[in-house]
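A short write-up of the structure that comes next.
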Amino acid sequence: MATTIGLIRHGVTEWNHLGRAQGISDIPLNETGIQQATALANRLKSETWDMIFSSNLTRARQTAEIIRQLLGVASVFTDERIREINCGLIEGTTKEERIARWGVNWREQKLEMEDFKMVAERGLSFLEEVSIGHAGKKILVVSHGALIGLSLQHLLPQLFEKTYIDNASLTVLTHIENEWECQLYNCTKHF
């Protein structure tokens, strides 16, 4: 029995537009992000989806709610495991500000950021639990770029050495007999 999981990155925010690291800062969608979420919802409404899960951060919950309303799904379930990476000291900063504060090698410094492996483990824990607990269902999961990308790199390392996840993109995974497959990656054809 196949379980299908549609991974969605939230729509764009003002901080995305400005190039600011958001992490766990609770930033809402901007007008473009609302339009992106609506376009994705319109794409998905011709399909049947059973459930929607979302990160507990506002930008993801807003995206999920727009989709929920157009699809007519009963409710959105939130889970903190699928929230964005904690960016520590770099939250709210642009690349230029990070270079000015910590130098060009800022990425090599810890700066109180959450470990990438721990982010992936959170994502994988969630995906395994949902795929087993809701076997045979079609489930949308609204989350964040780093969480989705790092989870994919650990779940299917042969396919995803590196990842880039666009705002309001759709990635579709299937889980059958303990095997994961990627049916669609970072799709934005709805724009």
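For the chain, what is the percent of antiparallel DSSP beta bridges, rounded to the nearest 5?
Percentage antiparallel, nearest 5: 50.
Taking the Cα of Thr94, stepping 7 Å toward and past its beta carbon, and measuring to each backbone N in the stretch 1-32: which are under 15 Å?
Answer for this model: 14-22.
For Cα extents along the principal axes in Å, pick the label among (i) 45, 41, 39; (ii) 51, 36, 26; (iii) 37, 36, 32 that corresponds to the value derived from the coordinates.
Given (i) 45, 41, 39; (ii) 51, 36, 26; (iii) 37, 36, 32, the structure-derived one carries the label (ii).
Cα axis of helix 31-44 to longest principal axis of the chain: angle in degrees, 0 to 90, nearest 10?
The two axes meet at around 30 degrees.
If we sort 74-86, 95-107, 3-15 on the protection proxy, mean other Cβ atoms within 10 Å, highest first, what's the order?
Order by mean packing, descending: 3-15, 74-86, 95-107.
Over all distinct alpha-carbon pairs, what is the Kirkwood Rh of the stretch 34-120 in angstrom?
Radius from the Kirkwood sum: 15.3 Å.
Of the GluC sites (Glu not before Pro) in the stretch 146-191, which ones lie in a loop per DSSP and count no more than 14 other C-beta atoms within 10 Å?
Qualifying residues, ordered by number: Glu161, Glu177.
As an exercise, use a Förster radius of 30 Å and the Cβ-Cβ distance of Gln69 and Ala135 to find the FRET efficiency, rounded to the nearest 0.05.
Calculated transfer efficiency: 0.65.
Per the 1.4 Å probe, what fraction of the accessible area of the stretch 108-191, in percent, lies on carbon and sulfur atoms?
51 percent
The values are calculated or read from the model by the stated rules, or taken from the named source; none is laboratory data. All of these numbers come straight from a predicted model, not from anything done at the bench. Note that we place each Cβ from the backbone using ideal geometry, even for glycine, and neighbour counts take in every protein chain shown. Heads up: the accessible areas ignore ligands, DNA and RNA and are worked out on the full protein's heavy atoms, side chains in. Shrake-Rupley method; radii C 1.70, N 1.55, O 1.52, S 1.80 Å.
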